[in-house]
1. Dipole size in debye (nearest 20) for the stretch 256-369 around its Cα centre, Lys and Arg Cβ +1, Asp and Glu Cβ -1?
2. Kindly put 323, 351, 269 in sequence by how many other C-beta atoms sit within 10 Å of each C-beta, fewest to most.
3. Counting other Cβ atoms within 10 Å, which GluC sites (Glu not before Pro) in the stretch 192-224 have at most 12 and lie in a DSSP loop?
4. Scan the stretch 278-367 for chymotrypsin sites (Phe, Trp or Tyr not before Pro) in coil per DSSP, keeping those whose Cβ has at most 10 other Cβ atoms within 10 Å, and list them by number.
5. Which of the peptides 312-318, 231-237, 166-172 is most tightly packed, and how do the rest follow, going by the mean number of other Cβ atoms within 10 Å of each residue?
6. Excluding residues fewer than 8 places away in the same chain, name every one of the lysines whose C-alpha is closer than 25 Å to that of residue 212.
7. Compute, for the stretch 151-269, the length of the dipole vector about the Cα centre, with Cβ point charges of +1 (Lys, Arg) and -1 (Asp, Glu) only. Units Debye, rounded to 20.
8. Of 238, 228, 203, which is farthest along the charge dipole of the stretch 163-241 in the positive direction, counting Lys and Arg as +1 and Asp and Glu as -1 at C-beta?
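Coordinate-derived values only; no laboratory data. This is a predicted model, so every value here is computed, not measured. Methodologically, a virtual Cβ is constructed for each residue, glycine included, from the backbone with ideal geometry; neighbour enumeration extends over all protein chains shown.
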Amino acid sequence: MSSRFVMAVFLVMPFLLTACPSRQDQPEATPSATTAPATAASTVTSDTTAVLSLSLLVPNQAQCEWIRLDLPARQTRRIASFDGDCTGAGMAFSPDKSRALVWFDPELRGGSYSESGMTPPFVKDESPKDATLRIFEVELPSGTTMALAPPPRGKRANFGYTTKNEAILLAEEEVPYSEDSKSGLIFEGRRLTVPDGEGIPELVHAFRLAGKQWQRIETQASLVGADYSPRTSILNAARDLLPNTTDILSPHPSGKAVEEPALLARLKDQAPLLASRDGQWLRLGSSSVLVWQVSFEFLYSTGALLLDDGKTLTALPGMDFTDGDLTAPRVRGNYLLVTQAVTGRHPRLYDLREKKRLYSSDSAVAVIFWPH
């Protein structure tokens, strides 16, 4: 990997990143504690009439509040509250939307890169020094919250629900390395075969939630630490997991690479510096949104985005991310949501028809479109 990139490893994705940041909220954008109702049970409804809704977590003194923000009315509903900081927040909805896992992992980081030593626009986020992994399950729509135990073994790698509504935790456990490790790892008297590939041998576990505790249902030997390491994906339980916010906030959105010569020429005129770099422009679905993706082993979406109406290329107003930030751009209907990759921080929401910014925040985290 080229030395031009400045990066640091973060926990749950197989790529390298530098930690990025928090700024002050835009005045018009952030839900505050004063706008949240006093109790979750009295305010969470199954209303589906809103044009658009966002799910976000915002700090409120010594707590982190889960908020549903309905737009364009800007109505906020407090879903639940959790003791402690919002840093490292993640979430997974059950398939029937009756429950959600919410976690706060101090090792979770977003990212940026630099080709010229340029400082990204957002300063570094810091977890409290004494922060530890916190896990909760929330009943919906009541907002009843239950604190869950940490994984019995290893460190958490992923959470989620299966199609059968089972809550699953995947964990990785380091083992002392030796020359014999690649031939197999001993666990509870059994030798587990290590798969072929890149990485360091480790144990990986799957746990199923039973009450407030995690019961181990599977253990395998795997490889971690390299771009192509299988990590917990080798587990049978991993194959049934539905997407969580880490998946949704991936810097690898679906789309089609721009290949039309005429459009590439216009993009070169609009952003000449990017034309000399290793990467590509990607169109998000069938939308007008084009995002620049930088290439280092894999393609990663950045904060360089343009709107293409077939004739002209337009920059997004108030887009604070740059081509030095790794982002998770997503389109739903006529709306574009851009956040920091993985963490879902610094959301910027746009109306693509009006070409205007509807919402922004520099305190909200794990921001996604509210699931249908």
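1. So the dipole magnitude of the stretch 256-369 works out to roughly 340 debye.
2. Final ranking by Cβ density, sparse to dense: 269, 351, 323.
3. Answer in residue order: 198.
4. Sparse-neighbourhood loop chymotrypsin sites (Phe, Trp or Tyr not before Pro): none present.
5. In descending order of packing, they fall as 166-172, 231-237, 312-318.
6. Here the lysines satisfying the reach criterion relative to residue 212 are 97, 155, 164.
7. The dipole magnitude comes to about 500 debye.
8. 238
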